[in-house]
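Q: Let me begin by handing over the structure; questions about it come next.
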Amino acid sequence: MTTIFTRIIEGEIPGTFIWRDEQCVAFMSINPMSFGHALVVPITEVDHWVDGDPELIAHLFEVSRVISVAQRNAFTCARVGVIIAGYEVPHTHIHLVPTNEISELSFANAATHVERSELDSAAELIREELRRLGRTEVV
């Protein structure tokens, strides 16, 4: 069965993308824990990240690192927290959450609704930083 993330990747469901390459995409979370919360998702459906091809997983983490640098610059946060939970959607995804303290890194903080304009605004700040870093994968 096709996951909701595959439907987003294929454009069937709207997503606010910040990155696309041949192996993965990154888009804004619609239930952000903080402003600028993004997800890095492989194009290939892999349920549990430990079952992924090691080269793909390494690529996902390098993309996560690059996007986290952009988030740290864009949002002037202390840290960009990383979570791989995998319970909500059976398609590997890495949460990148700008934070200033560890208590912000909790699904209990996830918004139940966010305006599209807020997602667009956060995404554009990240895109600007990615471009400044010379990244061509910016969407």
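Q: Taking H as built 1.01 Å from N, whose amide H comes closer than 5 Å to the amide H of D47, not counting residues under 5 places away?
A: So D47 has HN proximity to T92.
Q: On to the next question. When the Karplus curve 6.51 cos²θ - 1.76 cosθ + 1.60 is applied with θ = phi - 60°, which whole-Hz ³J(HN,Hα) does each residue of the range 91-101 get, with x for Gly and Pro?
A: Whole-Hz 3J(HN,Hα) from phi for the range 91-101: 8, 2, 7, 10, 7, 10, 10, x, 9, 10, 7.
Q: Next question. Report the chymotrypsin sites (Phe, Trp or Tyr not before Pro) located in the range 38-139 that are in a DSSP loop and have at most 14 other Cβ atoms inside 10 Å of their Cβ, or state none.
A: Of the chymotrypsin sites (Phe, Trp or Tyr not before Pro), the ones in loops of the range 38-139 whose Cβ has at most 14 other Cβ atoms within 10 Å are Y87.
Q: To the nearest 500 deg cm²/dmol, what mean residue ellipticity at 222 nm is calculated for the chain from DSSP H runs of n ≥ 4 alone, each contributing -39,500 (n - 2.57), summed and divided by the residues?
A: -10500 deg cm²/dmol, from helical runs alone.
Q: What is the set of long-range amide H partners of G81 at a cut-off below 5 Å, with H atoms built 1.01 Å from backbone N?
A: V97, T99
Q: Now a separate question. To the nearest 20 debye, what is the magnitude of the charge dipole of the chain about its Cα centre, counting +1 on the Cβ of each Lys and Arg and -1 on the Cβ of each Asp and Glu?
A: It works out to roughly 440 debye.
Q: What residues from the range 5-48 fall in the zone where the backbone N is under 11 Å from a label point 7 Å along the Cα-to-C-beta line of R116?
A: Taking a point 7 Å out along Cα→Cβ of R116, the residues of the range 5-48 whose backbone N falls under 11 Å are 14-16.
Q: Which whole-Hz ³J(HN,Hα) couplings does the range 121-133 yield from phi under the Karplus relation 6.51 cos²θ - 1.76 cosθ + 1.60, θ = phi - 60°, glycine and proline marked x?
A: 5, 4, 4, 5, 5, 5, 4, 4, 5, 4, 5, 4, 7
Q: Next question. May I ask you to sort H113, H59 by Cβ crowding, counting other Cβ atoms within 10 Å and putting the fewest first?
A: Neighbour counts put them in this order, fewest first: H113, H59.
Q: DSSP loop GluC sites (Glu not before Pro) in the range 1-79 with at most 16 other Cβ atoms within 10 Å of their Cβ, which ones?
A: E10, E12, E22, E45
Q: Next question, about the same structure. Given a cut-off of under 8 Å on Cα pairs at least six residues apart, what relative contact order in percent is computed for the chain?
A: 31 percent.
Each value in this text was obtained by applying a stated rule to the coordinates, not by laboratory testing. Since the structure is predicted, the reported quantities are computational estimates derived from the model, not experimental observations. With ideal geometry, Cβ positions are generated from the backbone for all residues, glycine too; neighbour counts draw on all protein chains shown.
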